[in-house]
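Below is one structure, written out as structure tokens; comments come after it.
The values are calculated or read from the model by the stated rules, or taken from the named source; none is laboratory data. If you're wondering where the values come from, they're calculated on a predicted model, not measured in any experiment. Backbone-built Cβ (ideal geometry, glycine too); neighbour counts: all protein chains shown. Protein only, heavy atoms only, side chains kept; ligands, DNA and RNA dropped before computing areas. Shrake-Rupley method; radii C 1.70, N 1.55, O 1.52, S 1.80 Å.
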Amino acid sequence: MGRNLRLENLTKRFGTLTAVDHVNLEIEEGEFVCFLGPSGCGKTTVLRMITGFETVTEGKIIFDGKVINDLIPQKREFGIVFQSYALFPNMTVEENIAFGLKVRKRPKKEIEERVDQMLDLVGLREWRKLYPAQLSGGQQQRVALVRALAPDPQVLLLDEPLSALDAKIRVRLRAEIKRLQQELKKTMIYVTHDQEEALSIADRVVVMEAGQFRQVGRPVEIYQSPNSSFVADFVGTSNFFRGVRNGDRVHTEKRDFKIARFESLPEGKVFLAIRPEKIEVFRRGEIPEGLERSNLAIGRIDVITFLGAAVRLTIHLEGEEVISDIIEKEFSRREFRQGEEVQLYFPPEAFMVFSAEEGSR
Amino acid sequence: MKLKKEGQGLTFSAPVSSERWLVWMTMGILLAILAFFMLYPVYDICKLSFLKGGTFTLKNYQSYFSNPRMFRSLTNSLYVSLVTTAITTFFAFFFAYGLTRTTIPGKNIFYTISTFPLIAPSIIQGLALILLFGRNGLITRYLLHTDWNIYGATGIIVAECLYCFPNALFILYTTLSAVDTRLDEAAQSLGASALRTFFKVTLPSAKYGIASAAALVFNLTITDFGVPVVIGGNYNVLATEIYQQVIGMQRFDLGATISVILLIPSVGAFLLNYYLTKKSYALISGQARPFLQPSRPFKKWAFTIYCWIPTTFILIVFITVFLGSFVKTWPYDFTLTLQHFDFPSLGGNAPLWTRFWSSVLEGQWRSLIAYKYAPIWNSLWVSVLVALGGASLTLLAGYLIEKKRPGGVEILYTLSVLPAAIPGTVMGLGYILAFNKPYFFIYGTFWIIIINIIICNFTLGTLSSIANLKQIDRSIEEAAISLGADPIKTFTQVVFPLTKTAFFSNITFFFMRAMTTISAVIFLVSAKVKLAAIEIIFLDIDGRTASANAMCTIIIVLVVAMLVVMRLITGKSGLKGMSVTA
């Protein structure tokens, strides 16, 4: 067993406000875990408790079998990458990278080699003599990344490292971080509010809300099988219907859907959720045979939004609005128009069902 | 063992314990310094004014209010302060308006000249007015042949207006340049006339700034000692009355009583200023200032001429005192001479300085440099130590207040900003009462003077440190810590280099204050320890006006030299954004 990081009933209260509420998690060595949640959900507080900059109100942080609650930050040897880069403006790129090695009093030779190695890792060798202010945001964050990696930390913590960057650089740097993580096999904990970022980068995603872990799982699980309407809504886009379940049927205000996945849910009030790309769109005469008739509905295309690879149709459905995404190629082939009347099909197995009693939506 | 761990987790966990300890210790030391050298003297003053023979009494206050001559110092103080406040705020506002809202030429010249009064002791305005309008004034005696002279309320008011002008200007300049000019443009685009825009938009948006400048001027005037002592004549104000009672009559109890009376308006004005400054900053939009439209010719010319008025007055003050120190007999004989720089024997010596020059020089030069210039050397030495000590302590205080925020930091903050509320003369008297004791060995040495000047100017030093530290992102420090740097390395290698500019400008500020301050240290100088700025007063009282001018000139030259040096070091003007309180 490697040097795992374990959170046990970790709790943080600021006065009467509970920012983090009895959370539990085991992170294995070499794993890439992402904390995802809306702002104010407590994800940064969890990270700051792990770094040691925030005190723990209750519970334990255990690293490599030892409780580290009371260990001061500089003894934890966890590297941190900040949203604001936090490079030392008075030092050059190489001085920044060497800082953590210098304060540890490593031999000069070793520091030089390590700095070179780090610069190569992010391809910034020719920028080494420059000051942070002379670099672009993306370059600065690369320097911050290898500065944190230089002392070979046990765990690397990244606090919304890409939020301050342009969309394009964000995607590129995201891939770079992922590559580094796979190369170095370093345990990384990454905090973000961007669900696309979380799903694309992490081995495991922790979805947080109101100080609690709502769901922990692989990105694909989180997306395909959210365990609550909150997760279904926060991660990706979903259409929601409110209804009452009775066997494999859910009665909404206007419709009566057949559903396929409802395993352990009790009968009664439920939320139905369906991803926009799962809804199928047909012209009136084109409906194939063998579809579940009760899951068909007639609507009118209200708005067509071009998203690039996909096209989003906002469809008016007798007082309800449903969005459906179809891939661009198919949209061009079928030439849907605004105002056109269409048939929507909601496949029973595409419906996600959540109890409405939890009240999280 | 396991239980114990859990118990700790539940009650109080402090992952930053070793650092905590250092922070607490530093805060404890700062609190102790401020309490001992600021609160304790003020406490002693209150005690002396209310206690007689160990019992509480209002007898001192009775004798103050029943003596018409003494009581007049209160009404006199209020009168000159209110008039000065009104005049200065008015003039400074339109001056600031001209600099920020019009496109007049020569803004930099106006701004620079208007800051001149900060580099000289407040007494310089008094000296200049006496040279021009005194009993032997160039204008009164020589040109107009009149017996009228400026001594008294008029002199005090004119001199204080000049002295307070840059201080009010800083606040109003900041206010007016921060308030969004697009509001004005919006109002005018909606059809409001220029005048209407001014009264309905510009003025209301600057109201807190105006009020805060007024409160500051009031505080500066009512606490000033240098101006009334040279130009007040028989017109006594609270600050001079304290000195009179203590040094002239040895009535420490009455001095303490007047001090408490002076504390009321001065603390009041300070609190008002403080409160209004906060309000005023809340109005600042922080948006980039858009392009200023060229002013219409009439507005441009009117403001150019207007701005020359206070600027000219300030220039005249400096030129007059400069000239006064180089001409033979003002205003009758304008032959240039250096004789006034050969000061009468002032007594006092500066140990190292005197010994060194005595061994190097002979005869006349020896007595001049080794003995007569000793106060100047003392002043320089004191100023350098004040600059280093003051800048370091206020940086530390600012660092704790802004970045570390340990429990009870509010107390440190309150004590750090409080000194500006306490008039210098009160602080000076408090020091005599509290520290003139045989066992308090640094009393009577220049160390007590150094401490006093640092404490008296603690407020502005701390506030500017805080303002600067605010600009350093918290995560920069956390980055250093997470990379393994201990608290001391974090401070010396990361935080300090980032605050260097502010630190140097604080050094300049403390140096300037130490060279020019009068009100508190006048109680602390002695026959052995003399300071240049104080000697101006004694020379003036002795009737050696020309030598007083010469001493003033030397101080200005030294301060300017310091500004030049600091500018060379930092590449920035040391005066920018610096305001002086108390």
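Remarks
- Hz values of 3J(HN,Hα) by residue in region B:447-459 - Karplus curve (6.51, -1.76, 1.60), Gly and Pro given as x: 5, 5, 5, 4, 4, 4, 5, 4, 5, 4, 10, 4, 4
- Area hidden from solvent between B and A (accessible, protein heavy atoms only, 1.4 Å, total, Å²): 2700
- Here the dipole of the protein assembly as shown is about 2380 debye; that uses its Cα centre as origin and unit charges on the Cβ of Lys and Arg (positive) and Asp and Glu (negative).
- Exposure rank, largest accessible area first [B:K372, B:K299; 1.4 Å]: B:K299, B:K372
- For region B:102-112, putting each phi into the Karplus relation 6.51 cos²θ - 1.76 cosθ + 1.60 with θ = phi - 60° gives couplings of 10, 10, 6, x, x, 4, 5, 5, 4, 5, 4 Hz, in residue order, rounded to whole numbers and with x for Gly and Pro.
- Portion, in percent, of the accessible area of region B:167-262 that falls on carbon or sulfur, probe 1.4 Å: 59
- Solvent-accessible area per residue, Å², over chain B with all protein chains present [probe radius 1.4 Å]: 43
- Between B:G98, B:W21, B:W308, the Cα set farthest toward the positive side of the dipole of chain B (charges on each charged residue's Cβ, about the Cα centre) is that of B:W21.
- Loop chymotrypsin sites (Phe, Trp or Tyr not before Pro), region B:318-396 (other Cβ atoms within 10 Å of the site Cβ: 15 or fewer; DSSP): B:Y332
- Helical runs assigned H by DSSP (4 residues or longer) give chain A a calculated mean residue ellipticity at 222 nm of -7500 deg cm²/dmol, each run adding -39500 (n - 2.57) before division by the residue total.
- For the protein assembly as shown, the square roots a ≥ b ≥ c of the C-alpha gyration tensor eigenvalues yield an a/c of 1.5 or more together with a/b exceeding b/c, which makes the shape prolate.
- For chain A, the longest principal axis of the C-alpha atoms and the axis of helix A:137-149 are separated by about 60°.
- Near B:T57, once Lys and Arg are set to +1 and Asp and Glu to -1 for all other residues with Cβ below 15 Å from its Cβ, the sum equals +2.
- Bridgeable lysines around B:K300 (alpha carbons under 23 Å apart, same-chain partners fewer than 8 residues away excluded): B:K107, B:K200.
- Taking the chain by itself as reference, region A:38-59 contains these residues with an accessible-area loss of 40 Å² or more in the full protein complex (1.4 Å probe, heavy atoms): A:R48, A:F53, A:T55.
- Region A:165-173 - phi-based ³J(HN,Hα) in whole Hz, Karplus 6.51/-1.76/1.60, Gly and Pro as x: 9, 5, 3, 5, 5, 4, 5, 5, 5
- Here is how the number arises for chain B: DSSP H runs of 4 or more residues each give -39500 (n - 2.57), the sum is divided by the residue count, and the result at 222 nm is -21000 deg cm²/dmol.
- Listed peptides A:107-117, B:451-461 by packing density, highest first (mean Cβ within 10 Å): B:451-461, A:107-117
- With 25 Å as the limit on Cα-Cα distance, the pairs of B:K279/B:K500; B:K279/B:K470; A:K168/B:K500; A:K109/B:K489; A:K12/A:K186; A:K178/B:K403 that go past it are B:K279/B:K500; A:K168/B:K500; A:K12/A:K186; A:K178/B:K403.
- Loop-located trypsin sites (Lys or Arg not before Pro) across region B:41-129 with a Cβ neighbour count of 11 or fewer within 10 Å are lacking, with loop assigned by DSSP.
- Centroid-to-centroid separation of region A:45-99 and region B:154-184 [C-alpha atoms, Å]: 47
- Under 5 Å between amide hydrogens, built in the peptide plane, is the criterion, and for A:A19 it picks out A:K12, A:R13, A:F14 among residues at least 5 positions away or on other chains.
- Region B:385-435 versus region A:222-256: alpha-carbon centroid distance in Å: 63
- Local electrostatic count at B:P375 - Lys and Arg +1, Asp and Glu -1, tallied over other residues with Cβ under 9 Å: +1
- Dipole of the protein assembly as shown, positive direction: furthest Cα of A:T305, A:P38, A:A144, with charges on the beta-carbon: A:A144
- For region A:25-139: accessible area per residue (Å², 1.4 Å): 41
- Peptide B:489-498 shows a mean partner chain C-beta count of 3 within 10 Å per residue C-beta.
- Folded to 0 to 90 degrees: helix A:93-102 orientation relative to chain A principal axis, Cα: 70
- A:V155 long-range amide H proximity, modeled H, under 5 Å: A:G79
- Interchain or long-range residues, amide H under 5 Å from A:E58's placed H: A:T11
- Helix A:108-121 axis, angle to chain A major axis (alpha carbon atoms, nearest 10°): 20
- Rounded to the nearest 20 debye, dipole of region A:161-301 from Cβ charges on Lys, Arg, Asp, Glu: 120
- Peptide ranges B:550-557, B:195-202, A:318-325, A:274-281 listed from the most packed, as the mean C-beta count within 10 angstrom indicates: B:550-557, A:274-281, A:318-325, B:195-202
- Size of charge dipole - region A:1-155 - debye, nearest 20, with Cβ of Lys, Arg +1 and Asp, Glu -1, no other charges: 480
- Accessible surface of region B:424-536, 1.4 Å probe, proportion on carbon and sulfur as whole %: 64
- Qualifying GluC sites (Glu not before Pro) in region A:160-269, DSSP loop, other Cβ atoms within 10 Å at most 14: A:E253, A:E263, A:E267
- Dipole axis of chain B (+1 Lys, Arg; -1 Asp, Glu on Cβ), positive-most option in B:S295, B:M427, B:M249: B:S295
- The mean count of C-beta atoms from other chains within 10 Å of the C-beta of residues in B:468-477, rounded to a whole number, is 3.
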